[in-house]
Amino acid sequence: MKPAIVLILVTALLLVAGCGSDNQITFGKPVGPFLFTVGQTSDNLFSFHGSDSGAISPIASAATGTAPAAVVMQGFDITSFNLYIANSAANNVTVLSLNPASGMAGNTGITLPVGSNPIALGLRDSSGIGIPNTPPDRGALYVLNQGSNSISGFNITDTAGHMTAVPGSPFTTQVNPQALAVVTGGTSPATLATFVYVANGSLGSISGFKANADGSLTEVSGSPSLSPRQVSAFGALVWNFLEQ
């Protein structure tokens, strides 16, 4: 049985200290920090205001699709933020705009169909690299569809949150995928690359995909990789780069 409330920690770092989805130390004045959760049985996104003591207080709620299961936040600049929500029973993703001064979310009217039972989201933020005579890079969104054993991929086309499917989407995963992580990194701009990792619950393995320049996915060599203990199920995936 799914829990009534799924807590999703999305970075609400709405200051000059930083924006976007990177884990980093930030300060919550004069606005934020904010915490957002989705309620699977209430079909709502809930906003909370944080404090220096760690206490939170409710701000407001906003309607989502049916049975929201995951939420991620993207910041384009200090004034422009979107929340992307996977609605597991509606088989779609909705986009809410975020007011960085109040922490309140509003409906944009943008909804995209995905596969069956979307349960996890992964975001590739904008690269920040401009190429002459090409549209600006706004990043990409990847949706893990547990019911249809697939990943839906979308290129984000503007700051309002409109998206177009990447070539070849959806991409087949192993049976019963449980979690997804999207990671971008490299030792230099020349080696910068994005990978999508999927935890396969039934097989106890992790599949890896490389994100190509157009957003499409290609499974990496040696995938899927089996867990050392051959576990029967995986939970969330977390990736981190440690600087030396």
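Please compute the modelled spin-label separation between Ala190 and Ser221, points set 7 Å along Cα→Cβ, answer in nm with one decimal.
Going by the 7 Å Cα→Cβ label model, 2.0 nm.
Is the range 65-144 rounded, prolate or oblate when judged by the Cα gyration tensor, a ≥ b ≥ c being the square roots of its eigenvalues, rounded requiring a/c under 1.5 and prolate requiring a/b larger than b/c?
oblate
Test of understanding: what is the full-extension gain from Ser61 to Ala165, defined as 0.36 nm times their sequence separation minus their Cα-Cα distance?
On the way: separation 104, 0.36 × 104 = 37.44 nm, distance 2.89 nm.
In short, 34.5 nm is gained.
With labels modelled as points extended 7 Å from the Cα through the Cβ direction, what inter-label distance (nm, one decimal) is found for Ala89 paired with Ser42?
So the two model labels end up 1.5 nm from each other.
When N is the residue count of the range 153-223, what does its C-alpha Rg come to as a fraction of 2.2 N^0.38 Å?
On the way: Rg = 13.4 Å, N = 71, 2.2 N^0.38 = 11.1 Å.
Expressed relative to 2.2 N^0.38 Å, the Cα Rg reads 1.20.
Taking the Cα centre of the range 66-221 as the origin and placing charges on Cβ (Lys, Arg +1; Asp, Glu -1), which of Gly161, Ala120, Met104 is farthest toward the positive end of the dipole?
Going by the Cα projections, it comes out as Ala120.
Over the Cα atoms of the range 26-110, Rg to Rh with Kirkwood Rh, two decimal places?
Rounded to two decimals, Rg over Rh is 0.98.
Shape verdict for the range 66-221, please, from the Cα gyration tensor: rounded (a/c under 1.5), prolate (a/b greater than b/c) or oblate. Kindly include the intermediate steps, with their values, before the conclusion.
On the way: a/c = 1.84, a/b = 1.11, b/c = 1.66.
Note, shape of the range 66-221 comes out oblate.
Each value in this text was obtained by applying a stated rule to the coordinates, not by laboratory testing. The structure presented is a predicted model; accordingly, all values stated were derived computationally and were not measured. Counting neighbours? That spans all protein chains shown, and the Cβs are built from the backbone with ideal geometry, glycine included.
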